1. Please count how many residues of region B:435-451 are open to solvent by less than 10 Å² (accessible area, probe 1.4 Å) and in contact with a strand residue (DSSP E or B) (Cβ under 9 Å, 6 or more places away or on another chain).
2. Going through region B:577-591 one residue at a time, which ones are out of contact with any helix residue (DSSP H, G or I) (no Cβ under 6 Å at 6 or more places or on another chain) and not aromatic (Phe, Trp, Tyr)?
3. Scanning for something touching a strand residue (DSSP E or B) at 6+ places or on another chain (Cβ under 6 Å), open to solvent by 20 Å² or more (accessible area, probe 1.4 Å) and under 30 Å from B:THR288 (Cα atoms), does region B:604-618 turn up at least one residue?
4. So B:PRO130 ticks every box in (1) within 27 Å of B:TRP505 (Cβ to Cβ); (2) open to solvent by less than 30 Å² (accessible area, probe 1.4 Å) but one. Which box is left unticked?
5. Given (1) open to solvent by 10 Å² or more (accessible area, probe 1.4 Å); (2) modelled with pLDDT under 95; (3) not in a helix (DSSP H, G or I), identify the lone condition not met by B:PRO429.
6. Hey, can you tell me all the residues within region A:133-156 that are at the interface with another protein chain (Cβ under 7 Å from one of its Cβ atoms) and over 19 Å from B:SER751 (Cβ atoms)?
7. State the number of residues belonging to region B:204-239 that are free of Cβ contacts under 8 Å to residues at least 24 places away in the same chain and open to solvent by less than 40 Å² (accessible area, probe 1.4 Å).
Amino acid sequence: MAPYKTAPGKTHVRATSIVLIVVVTASVSGFFMGLRETVSDTENVHVITTEYVETHGTSFDHDPSAVTGAVTYSQLSEVRRGPNATWENSFSKLNSNIDDLPSDVDVEAQRASRKARRAYEGAPPVVPHPVVQTDSTSCLLCHQEATRIGDRIAPAVSHRAYTSCTQCHVADSGLPIKWNTGRFAMDSNSEFKGEHTTSSGIRAYEGAPPTIPHRTLMRENCMSCHGEGGTSAIRTSHPDRQSCTQCHAPDAGYDQREFLKTTFP
Amino acid sequence: MNCQRRDFLKASALAAATAVAHQRAFGASSATDSKQTASGIKWDKAPCRFCGTGCHVQVGVENDKVVAIQGDQQAAVNKGLLCVKGYHVGGILYGKDRLTTPQLRKNGKLEDISWDEAIEVMAKRIYDAPERFAFYGSGQWTVPEGYAAQKMIKGGLSNNHIDPNARLCMASAVTGYLSTHGVDEPAGCYDDLDACDVLIMWGNNPAEMHPVLFSRVVDRRSRGEEVTLIDIGTRRTRTTEYCQEYLQFNPQTDLAIANGIAHQLLVNDTWDKDFVGKFCNFRKDTDTASLFGQASTFEEYKELMSEYTPERVEELSGVPAEKIVYLGELFGRKDIRITSLWCMGVNQHTRGTNMNRLLHGIHMLSGHFGKPGDAPTSLTGQPSACGTAREVGTLAHALPGGRIVKKEDHRRDCEKVWNLPEGTINPKPGKHTVAMWESFCKPTNDGGDIGTIWVQVTNPGHTLPNLKKLFTGKKDLDDKFLIVSEVYPTATTELADLVLPAAMWVEKNGVFGNSERRTQQWFKMVNPPGQARDDCWMTIAVAHKLFEMGYPGMSDKDGKFLFDIKDTAGNSVPVWEWEHYYDVNVDEQLFEEYRQLTFKKHKDVAPYQELVKSRGLRWPVVQNDNGTWSETPFRFMEFSDRYVEKGKGIQFYHSVTKDDRGLIWFAPYEPAAEAPDEQYPTWLCTGRVLEHWHSGTMTRRVPQLRNAMPHAYVEMHPEDAAEKGLQNGDIAVIETRRGKIELPVWLNGRSKPAKGSVFVPFFDEQLLINEITLGEIDPISKEPDYKKCAAVVYAKASQPQSSPAEPNELN
């Protein structure tokens, strides 16, 4: 680089200062211009702030013109939308609002979705979400006690503790990679019709405790389905009572104890 | 895995279990099996159709269809628990493309024919050239099916070319047992899993392959017990996540690791002198590998082992020397019980027999044998590889009950029970599986001695290694005839000349024998579809057709038909006519005849009616003074096995050295048949997955299983993938000296292969990895190695979406 010369340098200095002044002025004015809210900005946009949520509720998930306004961290949980709408910072909060689920559920829809996950009544349900392929410990994070995530409940495990969940419960769409699976000619159209019972328990008289209209193997934890963390359509009216089988007897039509014969010593 | 997190979750699980316990539905037990319930479902017991664990299920039948399955709570094996395949085993009968009519290939196309025509075609083919006929059977054969085939070919045709697919899975375990205990099959049983303190997995993945047995062990932890699990493997699997130790070794060097442990026992002087002094002799191989080798001494054994120092083992295997020392110390302890589990990693191995011997060796050398929990346990893959292939002896060199064709008194025993003239059975062993198929795929005038193969209950077109050499070559040979008894169209039926629709599982009576010597029985519960018929009936029908045609071998000494089935009045029943097949219980009669042959080697199976009453019985089943029958959980051990003479403690009563002692073998580390080199630098390993049974013909037709695992993939180390420019879902090409195949890549999926190796599951019919596997066999067991060959892996040039480049589809 050539050494700094005073005479031609003076021209340089002047040119540089002019350029600098122009750039700085433009930046500063641009900054303040940008701070202004223009008409087009405010017209069609719903800025989601805590005040907006208070007045309009939370029905903005699918509103494309909704923009999340900047709020403090403590207010953030109220204005979240999209896939993270149900995020809670603390795990216990996921369980705390289980009771708030609407009670006017479509029973038939619930039965259908339950049936779709099982090959037959008593089959281990397939898992309707991706699973960790390598181990089963993460399953218990949500399924040890019932956990609510948004409008869905991850029910508590209905059977006694086994360690290897994925031995029986496989994902309903397993491989995360997709490669022209539709091209494969292997016929998986199965004609297997599993037994699916959908009845209610029989009552001896009006007001009697209904019998258990299903098998109880692998369903020793009644509260898994019938408790507060269970399928809302069949929630018990008396969750405070803990000894279910004291009043609710197994139904001979379904119970498997018939062929539990003592075998060979 | 963070220890603290595990402890927390363990405690939470315990808490949950306690909370659950007080809400448990209590049940007493009463009443009989197969009772009709008010809801219209009839329940009956059966062993599961799938793996060698042998869980019992309750099958719910309504309107001649299986509609539900439950784990059988009364079964000692699984106590009401199943795995995902077991829970969906009812659905395997109902795929839409079930085979229902016999078909003969005319002008390249399969056309429907009648059963009578099919039987005639087969009988004529056999009649014309009985010595060129071969039977390829299965570890999924029921005991009566295997016995009928065995009697028909070895007794009726004086032909020893019968071998099962179990040759591809358990043969090395068999030779391992024969050369150490002197007689096949484990000494221990599943009770060992409840009693062990340490469980070592040698190259197997029981969390996916024997899930009910594995959870039997890991569930002990949720009851507060401490069990140490050690995974010695070539890649991380689901099993590894439950283990405290994972020791990754270079393929084939498991031989060195076992020797390293033996070396430590000797160096530390912690080997069990008392046990070895009383119950063991030493053995080493002869110059050419042989089943029984030659006598050796402790000094020679010690000398040969001296090479396997921890440093040398680390050099060979990659397992750190301090881990070898750790294992040596573990085996040296007397206060713990150690169970070793192994399956295909050890058996499908070019030195599989040696590896089996070494595993038995370190258990016997250290005294970890002969007590519940101290057990070298070979796990069987198929539901009846033990019960049928090994015990009925449906192998080219064997006869029922642990006998072999080479021995004259063994042949006499069978000829006596079969009422055949002396000298009927051929003393020359027939062709084992690989030799059989190799011969079948060669032209007749070029050493192709086998002209006809009848395949029952297995899928060799998918499961044989190096398929181009052992199967697909048949396509061009017009004078070769392939008969296939099957339930669904498979890779095998693609090249079949005659396809016979078969009845499946509970569509027929059956008896299986599982991994712990438990023989289990079931009754037919539903009718097979269309014209599908029992495999056993097919064998008898063909035999009778030959009898009608005057083939001398099919009549016994008194001129009666070889399969003379009688009713209760003593009159012969024409069971070769399908309408009369179920007039009597053919299974029972064949089984009782077979039973007479099981006493010689103390493999006494229970009477059929006892099996009906129970959820299986472990042989030897002996009769008590009061007429009841007792099973034997632990063989060779005085506290459990009544055939052990009083005061002996442990008695290997069929000892090779005829002195009631077991054999501790030395076997060296030898390199693999095809190790990676410059041109093919990657190890290719194949194996299975939880959701699919073997070639997937049954499980891929169950929607829940198919959706959980829709197709095959290749797993590799992420760094290797990055080097090759491969990401999750990209198409990789795997090439070996035998061909190439394209597969999608799955990274950080279910298993994590080591750098420089890849893993491909073999269940996918459209992505037949066996086209490029090696197929080199163990010299003693003749079992091929599916776990190791050399390959090169690279990215496919373009990613196909609707590319015409089809991935190795047949046709």
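The values are calculated or read from the model by the stated rules, or taken from the named source; none is laboratory data. Values in this document were obtained by computation on a predicted structure and should not be read as measured data. Ideal geometry is used to build each Cβ from the backbone, glycine not excepted, and the neighbour counts take in all protein chains shown. Only protein heavy atoms, including side chains, enter the accessible area calculation; ligands, DNA and RNA are left aside. Shrake-Rupley method; radii C 1.70, N 1.55, O 1.52, S 1.80 Å.
1. Of region B:435-451, the ones open to solvent by less than 10 Å² (accessible area, probe 1.4 Å) are B:436-437, B:439-440, B:448, B:450-451.
Among the residues that remain, those that are also in contact with a strand residue (DSSP E or B) (Cβ under 9 Å, 6 or more places away or on another chain) are: B:436-437, B:439-440, B:450-451.
Within region B:435-451, residues that are open to solvent by less than 10 Å² (accessible area, probe 1.4 Å) and in contact with a strand residue (DSSP E or B) (Cβ under 9 Å, 6 or more places away or on another chain) number 6.
2. Our first condition is that a residue be out of contact with any helix residue (DSSP H, G or I) (no Cβ under 6 Å at 6 or more places or on another chain); within region B:577-591, this holds for B:577-580, B:582-586, B:589.
Those that are out of contact with any helix residue (DSSP H, G or I) (no Cβ under 6 Å at 6 or more places or on another chain) and not aromatic (Phe, Trp, Tyr): B:GLU577, B:GLU579, B:HIS580, B:ASP583, B:VAL584, B:ASN585, B:VAL586, B:GLN589.
3. Taking every residue of region B:604-618 in turn, none turns out to be touching a strand residue (DSSP E or B) at 6+ places or on another chain (Cβ under 6 Å), open to solvent by 20 Å² or more (accessible area, probe 1.4 Å) and under 30 Å from B:THR288 (Cα atoms).
4. The failed condition is (1).
5. (2)
6. In the first step, residues of region A:133-156 are kept if they are at the interface with another protein chain (Cβ under 7 Å from one of its Cβ atoms); the result is A:133-135, A:137, A:140, A:144.
Correct list: A:LEU140, A:GLN144.
7. Qualifying residue count, region B:204-239: 1.
So that you can scan it fast, the table gives a plain yes or no per residue for (1) out of contact with any Cys (no Cβ under 9 Å at 6 or more places or on another chain); (2) open to solvent by 40 Å² or more (accessible area, probe 1.4 Å); (3) not in a helix (DSSP H, G or I):
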| residue | (1), (2), (3) |
| --- | --- |
| B:TYR246 | yes, yes, yes |
| B:ALA256 | yes, no, no |
| B:ALA262 | yes, no, no |
| B:SER290 | yes, no, yes |
| B:ALA295 | yes, yes, yes |
| B:ARG312 | yes, yes, no |
| B:GLU315 | yes, yes, no |
